């Protein structure tokens, strides 16, 4: 578990977390949370991460101190960081049914647990690319950057020999969805980064 839901609607939700700097969730990561409707699981992509004010004001004091010591800064950075993380809903699964890449039937409720999806679940979710349209239609999220980041992570989750084929399939789906907007397609594809090592 990396956090708990703070607020939610049908299209997105926000969760709060306090994790060490090394465990901060990343932009474009696929996360999941349960809902009561038919024991379903909602899947979503992280599209914004905001650092909250520190409770004791130490960060603010260190930022303006002329003689701040490196050990004080290192100590402050090693503490748990309070974050608000925004997530775009991109699919759901009822019990052991198939993954549906559409908005869930209901939003998660406050304090539901959030988990990061492991590589095998990320691969399974991205076997089909139907969620691309949900991302491209998102009003509040930086949709092009979000798609590129999520494609990059899904490619890296695959075995080295399968990464290129996956990225090519994503490029074809983008070309189909954004037909006539070759500049936008090119910009998204240029942002995709994956480990090409065999």
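Somewhere in segment 69-77, is a residue more than 29 Å from residue 128 (Cα to Cα), in contact with a helix residue (DSSP H, G or I) (Cβ under 9 Å, 6 or more places away or on another chain), part of a strand (DSSP E or B) and modelled with pLDDT under 95? Among the residues of segment 69-77, not one is more than 29 Å from residue 128 (Cα to Cα), in contact with a helix residue (DSSP H, G or I) (Cβ under 9 Å, 6 or more places away or on another chain), part of a strand (DSSP E or B) and modelled with pLDDT under 95, which makes the answer no.
Among the residues making up segment 108-128, a single one is surrounded by 21 or more Cβ atoms within 10 Å (Cβ to Cβ) and touching a helix residue (DSSP H, G or I) at 6+ places or on another chain (Cβ under 6 Å): 126. Within segment 98-107, if we keep just the residues that are out of contact with any helix residue (DSSP H, G or I) (no Cβ under 8 Å at 6 or more places or on another chain) and without any contact (Cβ under 8 Å) to a residue 40 or more places away in the chain, the residue that is surrounded by the fewest Cβ atoms within 10 Å (Cβ to Cβ) turns out to be 98.
Only a single criterion out of (1) over 23 Å from residue 33 (Cβ atoms); (2) in contact (Cβ under 8 Å) with a residue 40 or more places away in the chain is not satisfied by residue 171, namely (2).
A count restricted to segment 137-155 and to residues that are in a helix (DSSP H, G or I) and in contact (Cβ under 8 Å) with a residue 12 or more places away in the chain stands at 12. State whether the residues of segment 83-96 include one that is modelled with pLDDT under 95, over 20 Å from residue 156 (Cα atoms) and assigned to a loop (DSSP other than H, G, I, E, B). Within segment 83-96, one or more residues are modelled with pLDDT under 95, over 20 Å from residue 156 (Cα atoms) and assigned to a loop (DSSP other than H, G, I, E, B).
The values are calculated or read from the model by the stated rules, or taken from the named source; none is laboratory data. All values reported here derive from a predicted model rather than from experimental measurement. For neighbour counting, all protein chains shown are included, and Cβ atoms are generated from backbone atoms with ideal geometry for every residue, glycine included.
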